[in-house]
Structures are given as C-alpha cells and as structure tokens.
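Since the structure comes first, as structure tokens, the remarks are kept for the end.
Every number here is computed from the coordinates shown, using simple stated rules; none is lab data. Everything numeric in this text was worked out from a predicted model, so none of it was measured. So basically every Cβ, Gly included, is an ideal-geometry build from the backbone, and we count neighbours across all protein chains shown.
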Amino acid sequence: MTERSTREEAPVTRAASGALKMPRQQSRHEGQGETSPMTTSHTPRTGTLTFVGEYATLAFERRIPHPVQVVWEALTEPEHLARWYMTKAVIDGRTGGSIDFRIGPAQLHVTGRILVWEPPHVFEYEWKVKPWGRMPKGEDAIVRWELRPEGEETVLTLTHRNLTRRSALGAAPATHVVLERLVAQLAGQPFEDFRERVAQVQGQYPAREEAQ
C-alpha cells in the first residue's frame, strides 16, 4: 500500500446525528470515490465508515467526563493500554519515535513510526501489519487520536485511515467496544465480555461480506 498520501477520502452517509464528518483530500482518484450509504440502525455513538476504492477510513467521536490529561495517559501509558486496549505496548513517546503493539488474544503485531506527538492533545502513528492468514495484504494505515478539552470533559476523536475495506469492516464493531472499555476503565467500572459485546453492536455496522 504505497498510495497512502495520494488517496482521497470522501464523506459517506453512515453516521447518525453527531457523528464525525470526514474531511476531503486531494487524490489522483478524484471522481472515483465510492459513496457507500449504510442504512442499518445506529446511534450518535456509532462510528463513521468512508470507502474510497478498496480502502476505508473509520472514525469515532466520544465525549468523556474526564480531563484531557487523564485521557491522554490512558491512551499512551502501557499499564493502561494493557487493560482497556488489551495490548502489550511499547511506545517511544516523541515525534519520530515508534510504537510496537501486540493486541488481543491473537497478539496481532502492529508497528509504526509516531508521526505526531503533541501531549496531551494529538497522538498519530503508522499502523503497519505484515501479511498473514487473516490479512493477506497486511495493513499500512494511520491512526490518529485527538483530544479537545471542554470544561472538565474531553472530546476524543479517533481516526483510522487507509485501512483495507475488509479490515475496516471487521475493525468497526471491535473499535466501538474498545472505546466503551476506555470509558469504563476511566470510570472505574467493570468491562463487559469483549466478544459478546462485539456481537451485540455488530448490527450497527456493515458485515464483512460487503467487502467482497
């Protein structure tokens, strides 16, 4: 996936009221973007999926009742990531640094360079996965966390762009639940069973078969 910087990401009508609207970028694929209406029932907490050709952007927005610094620490400190993100994380926290994640029971190995490190507001990094059984093309995507203070609360925006279509469709409900786990951890609440909860929210997103 070497065309990351040239692909356009055009908005689609997946989101309910309050969902994030994706910006438009220049691309050699101008005019070729696929608008993919998704009409399953959803709430303002549902993520937004944007498809352009075989690639996709997944975006979420959450209002979290905790200060920005507290949320930043949950996003960037390995001891917190181990719980809500179910990830063994090594983070060299600086622009030009690196991330090394092993995520979930399958220990999905994700590496990448940190593109933006602006504590406590922006954490953006490459999301590189080598080809393997479930991801025959691997992944060469970018993740961006943005935190904006509003009083004593934080507005969190997560954007995962340049995913392959199939990966994006699989990641949408899982990311939805991961963000619920983040909020639960900050509130000192127990986690729901991850797989059961993913199955419950799956209907709010397109099925993976739509990637065919």
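Excluding residue 191 itself, calculate the net charge of residues whose Cβ lies under 12 Å from the Cβ of residue 191, where each Lys or Arg counts +1 and each Asp or Glu counts -1.
Numbers: positive: 83, 181, 195, 197; negative: 180, 192, 193, 196.
Here the count lands on 0.
What whole-number distance in Å separates the alpha-carbon centres of region 53-125 and region 148-166?
11
For the pair residue 63 and residue 115, what calculated FRET efficiency results from E = 1/(1 + (r/R0)^6), where r is the Cβ-Cβ distance and R0 = 25 Å, to the nearest 0.05?
On the way: r = 25 Å, r/R0 = 1.01.
Plugging the Cβ-Cβ distance into 1/(1 + (r/R0)^6) gives 0.50.
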